[in-house]
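Below: one structure, written as structure tokens.
The values are calculated or read from the model by the stated rules, or taken from the named source; none is laboratory data. Since the model is a prediction, treat every value here as computed from it, not as a measurement. Every residue, glycine as well, gets a Cβ built from its backbone with ideal geometry; the counts of neighbours run over all protein chains shown.
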Amino acid sequence: MLNFTFYNPTKIVFGKGQLVELDNLVPSNCKVLIIYGGGSVKKTGVLDMVKTQLGTSNREVFEFGGILPNPQFDILMDAVRLVRQQNIDFILAIGGGSVMDGTKFIAITAKNEEFMGREEEVLNFGFAGVPAEKSIPFGTVATLPATGSEMNSGAVISRGDDKLVVMSELNFPQFSILDPELTFTLPPKQVANGVVDTFVHTTEQYVTYPVEARFQDRTAEGILNTLIEIGTKTVEEPENYDVRANLVWCATMALNGLIGAGVPQDWNTHMIGHEITALSGIDHGRTLAIIQPAVWKVRRRQKADKLIQYAERVWGITTGSIDEKIDGAIEETEKFFHSLNVPTRLSDYGLDASFIDKVIANLEKHEMTALSEHGDVTLDISRKILEVAL
Ligand code: NZQ
Ligand code: ZN
């Protein structure tokens, strides 16, 4: 097992009706800004439910809506100005990854005067982390199980054709309320995206090379097997509480640091996927279904040991040659994504070889030239992966 530091301060409040806890979780006598997305929270009534809970103590409540999928820097800056003008003391995000990520950017950018007028710089520190020591405290009410943003320190922010990672320990929410019933209103496509995103968060930290990290491997396999068991069911039976509750918890646990501690991590699929979203608008989860199988096809030698373990323990493929096991595992994975109605080729979205040049140019611009758990996926190898994904 590799050395690691594990830190995760987010309090999780899970289950039916847990919005009533908001009054205990959000400080009283403060100015609270509620942040939400394109309006689903109004339609579903969650916004009103939250306001009712916050209204039970002496709080001044403000609202900022309109943070759309792949949250854009310019819109987030409007919220940053509101936070500064009103001296907001606490932020509450209600929504999916885009709203939660946007809130993380707003909380850290608004609080640090050194970024005043140079807010775009917050986007430039990447995985090195934003050099800041304070942010506005925030919590979340998560309405879409997918990104794990409700319990992690990352945010993904878009600026035009750029999709940039903003990391900081200050990005951990103080608390997240995970009520699976609040996700019943999701369109089937978003639920399927969430299953795929959770699946690939897990494989990015598992299908690498063995380091005798048995707990992490077994936990990753547990998440993958759970997703395979419940994936299509939770898409087809949106109000089946038990299957949805399992998706919600898997999504959170797949990217909160637990299964990634002490193991190599890949993220090749995500980095290419982010560029595809930035250039084509394809939903995040769907880009991963296109790229993950192609990564395994191109990197089957480097990943052979873990691909075989994945074939045997996750898909039960215990006979055949090494290549047959690896081929079988890739095929089963693609079938699983298809069972969720998620396509696995660029051409399924009308994209052809000319698109690949654009993705490669963006990867180069963002210095994504040494990807994977070995740091040896060059732009040429990324091109090969994209060609296989056509
Ligand atoms: O905007 P509203 O109207 O709320 O509608 C949203 C949006 O259209 C809708 N929705 C959310 N909850 C709903 C609902 N509709 C009905 N009922 C509900 N309960 O779903 C749509 C998609 O929402 P979005 O937040 O964009 O989806 P997701 O959670 O998949 O987040 C995607 C974003 O997260 C980033 C992605 O790059 C992308 O920008 N990621 C963040 C990560 C992180 N912070 O760790 C890691 C991930 O790998 C990912 O990169
Ligand atoms: Zn993801």
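Points worth noting:
- In the set (1) within 16 Å of ligand 1 (Cβ to nearest atom); (2) over 22 Å from the mean Cα position of the chain (by Cα), LEU279 fails one condition alone, (2).
- Qualifying residue in region 74-94 (condition: in contact (Cβ under 8 Å) with a residue 40 or more places away in the chain, near ligand 1 (Cβ under 9 Å from one of its atoms) and under 19 Å from the mean Cα position of the chain (by Cα)): yes
Rundown of residues vs (1) buried (at least 20 other Cβ atoms within 10 Å of the Cβ); (2) in contact with an Asp or Glu (Cβ under 9 Å, 6 or more places away or on another chain); (3) at pLDDT below 95, yes/no style:
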residue	(1), (2), (3)
LEU33	yes, yes, no
SER40	yes, no, no
THR44	no, no, no
VAL50	yes, no, no
PHE62	no, no, no
ASP89	no, no, no
LYS111	no, no, no
VAL122	yes, no, no
ALA132	no, yes, no
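- All helices (runs of 4 or more DSSP H) inside region 29-109 with 1 or more residues being assigned by TED's automatic domain parsing to the domain that holds ASN152 and closer than 12 Å to ILE157 by Cβ: 73-86
- Under the condition of being within 9 Å of ligand 1 (Cβ to nearest atom) and acidic (Asp, Glu), the residues counted in region 163-203 number 1.
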